[in-house]
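Colleague: Have a look at the structure that comes next, please.
The values are calculated or read from the model by the stated rules, or taken from the named source; none is laboratory data. Owing to the predicted nature of the structure, the values given are computational and were not obtained by experimental measurement. Cβ: placed from backbone, ideal geometry, glycine included. Neighbour counts: every protein chain shown. These area figures cover heavy atoms from the full protein model, side chains too; ligands, DNA and RNA do not enter into them. Shrake-Rupley method; radii C 1.70, N 1.55, O 1.52, S 1.80 Å.
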Amino acid sequence: MKKLLEKLYVTNTLAKDEIMYILSNINDSLENDLFRLANLTKKNHYGNKVYIRGLIEFSNFCKNTCKYCGLRCQNKNINRYRLMKNEILECCHRGYKLGIRTFVLQSGEDSYFHDELLVELTKEIKYLFNNTAVTFSIGEKSRTCYKKLYKAGADRYLLRQETVNKNLYQNMHPRMSLENRLRCLTNLLDIGYQTGSGFIVGLPGQTDEILAEDILFLKNNNFQMVGLGAFIPHPDTPLSSYNQGSLRKTLICVALVRLLLPKTLLPATTALAVISPDGWNKGIIAGANVIMLNLSPSSARENYEIYQGKNDVSDEAEISLQKVKNDLKNSGSQVDMGRGDYIGWNY
Ligand code: SAH
């Protein structure tokens with residue numbers, strides 16, 4: 001195990017069976033070595049900086065039926081909402097005043113926001129807020145749509161693969177296809193977005209072999225951003241009775257991803273903060289270097305329930321920012337309010 005960790009640190013590569021071996025066999029003391037090496041790797045590239053993003057959850061309408069997600073269209077126990085353009089711009093304004101320079105616009109797959117509306121929104125944000133990056137996280141769209149948004153000024157796009165295992169993908173996403181998900185990711189990379197992908201740790205049916213395949217998929221595509229979070233069962237979904245994903249395993253995956261993709265932008269996700277009071281900090285110590293603050297109005301936030309407990313950890317952005325700044329001091333990190341692009345990226 002020690003040799004493997006050393007190889008990983010020096011070469012930033014591992015074979016599938018080696019990843020599986022680490023996932024299945026790592027003990028507490030070597031786990032600390034893994035986190036130390038991941039943190040060191042992050043510091044070699046990004047120093048002590050942790051980038052801040054502002055998340056705007058602008059619609060919880062969704063046509064999909066992802067089995068883990070509370071926004072799935074079959075969930076009737078949810079108040080659906082969408083923010084209008086002026087409300088979204090209002091969120092940006094609030095974030096901008098706080099110093100935030102990346103807006104992450106996230107929603108379910110809501111056809112109300114057709115291509116032209118999204119183009120208009122992008123252009124307006126880029127015009128009104130100087131030197132900001134726009135990130136979309138709105139699911140699967142046509143190549144034409146991705147191109148239009150990119151031309152309008154969108155910089156980044158988040159689309160988790162969720163899993164590249166065909167059976168698990170099909171089981172978790174009735175009526176969707178892995179083929180289309182992967183096609184979307186190829187298009188995003190090809191168009192020139194800083195592209196993010198990732199997965200949930202602890203989904204029912206996920207094995208260490210599947211996890212290893214999903215980690216290698218991220219490595220092989222050299223994504224500029226990676227999002228990982230623990231599975232949190234939502235009561236109004238078919239997976240309500242399954243166990244929550246493990247914090248420990250999620251952190252091990254974060255560290256492995258940092259070591260395999262040294263330069264990737266890797267958030268300590270809200271899903272980590274939900275399952276542990278010190279989740280954000282633990283993520284940072286395991287190699288994460290991004291934190292997303294919630295800029296959605298509280299009425300919207302209450303109803304954007306992908307998983308439960310999300311709102312207990314998402315204060316008003318002003319308060320969160322102060323908390324994050326204090327917490328990070330303890331782990332020797334520092335908030336950076338810049339755009340925080342991928343190292344060496346020309347935009
Ligand atoms: N509609 C967009 C945004 C999805 S929400 C899209 O399809 O990309 C962002 C991420 O939250 C999802 O990609 C999924 O990985 C994660 N997520 C959803 N439900 C979850 C749950 N119950 N527990 C943990 N993560 C979840």
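Colleague: Just a yes or no: is a residue in the stretch 178-196 within 20 Å of Leu251 (Cα to Cα), open to solvent by 50 Å² or more (accessible area, probe 1.4 Å) and within 12 Å of the ligand (Cβ to nearest atom)?
Modeller: No: zero hits.
Colleague: Take Ala317 and decide whether it is within 16 Å of the ligand (Cβ to nearest atom), at pLDDT below 95 and in contact with a strand residue (DSSP E or B) (Cβ under 8 Å, 6 or more places away or on another chain).
Modeller: No, not satisfied.
Colleague: Looking at the stretch 237-249 only, could you name the residues that are exposed (fewer than 15 other Cβ atoms within 10 Å of the Cβ) and within 11 Å of the ligand (Cβ to nearest atom)?
Modeller: Ser240
Colleague: Could you list, in sequence order, the residues of the stretch 224-257 that are touching a strand residue (DSSP E or B) at 6+ places or on another chain (Cβ under 6 Å), within 12 Å of Leu203 (Cα to Cα) and polar (S, T, N, Q)?
Modeller: Thr250
Colleague: Could you list, ordered by first residue, the pairs with Cβ atoms under 8 Å in which the first is in the stretch 235-253 and of a type in the set (Gly, Ala, Ser) and the second is in a loop (DSSP other than H, G, I, E, B) and open to solvent by less than 50 Å² (accessible area, probe 1.4 Å), at least 6 apart or interchain?
Modeller: As it stands, the answer is Ser240/Pro233; Ser240/His234; Ser241/Pro233; Gly245/Gly202; Gly245/Leu203; Gly245/Phe231; Gly245/Ile232; Ser246/Gly202, since those pairs meet every condition given.
Colleague: Give the stretch 135-160 a look and list any residue that's within 16 Å of the ligand (Cβ to nearest atom), of a type in the set (A, V, I, L, M, F, W, C), in a helix (DSSP H, G or I) and closer than 20 Å to Trp345 by Cα, or say none.
Modeller: Leu149
Colleague: Residue check, Leu117 against (1) touching an Asp or Glu at 6+ places or on another chain (Cβ under 6 Å); (2) of a type in the set (A, V, I, L, M, F, W, C); (3) surrounded by fewer than 16 Cβ atoms within 10 Å (Cβ to Cβ), all met but one. Which one?
Modeller: (1)
Colleague: Then there's this: If only one of Leu105, Leu189, Leu158 is more than 16 Å from Arg53 (Cα to Cα) and of a type in the set (A, V, I, L, M, F, W, C), which one is it?
Modeller: Only one candidate passes the filter, namely Leu189.
Colleague: Give the residue that is nearest to Val335 (Cα to Cα), with candidates limited to residues of the stretch 95-120 that are within 16 Å of the ligand (Cβ to nearest atom) and small (Gly, Ala, Ser).
Modeller: The selected residue is Ser107.
Colleague: So, one more: Quick check on my filter: what residues within the stretch 132-181 are of a type in the set (Gly, Ala, Ser) and within 27 Å of Ile100 (Cα to Cα)?
Modeller: Step one: filter the stretch 132-181 for residues of a type in the set (Gly, Ala, Ser), giving 133, 137, 139, 142, 152-154, 177.
Across the stretch 132-181, the qualifying residues are Ala133, Ser137, Gly139, Ala152, Gly153, Ala154.
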